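Quick notes on the structure that follows.
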Amino acid sequence: MPRPALRSRKLRRTSMKTPGGRHVVHYEKRFSSKPRCAICGRPLSGIDMARVKTRHIAGLTVSRPYGGYICHRCLALGLRLAVRLSSA
């Protein structure tokens, strides 16, 4: 039975074979995947993966509008549509 701190699903379980030939369970920290665009699902560029893994807040956003939420292509398309609708 693992100790109580290791019983939660917060840690990922991996089966490892030790040099002595035994099969043991190692508990690893789960890392989140790279952030994705809310519209098209493409991974966001300009966000450092090391920052995502360590969960530092600085560095998780880009300085443009909707940065860190939608990609640059979807933003450009949305701005074009907004200008076209406002001028019509």
| said: Residues that are part of a strand (DSSP E or B) and either at pLDDT below 85 or under 25 Å from the mean Cα position of the chain (by Cα) (or both): does segment 69-83 have at least one? | reply: no
query: Does segment 19-36 include one or more residues that are in a strand (DSSP E or B) and closer than 30 Å to residue 72 by Cα?
result: yes
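The values are calculated or read from the model by the stated rules, or taken from the named source; none is laboratory data. Given the structure is predicted, the values throughout are model-derived calculations rather than measurements.
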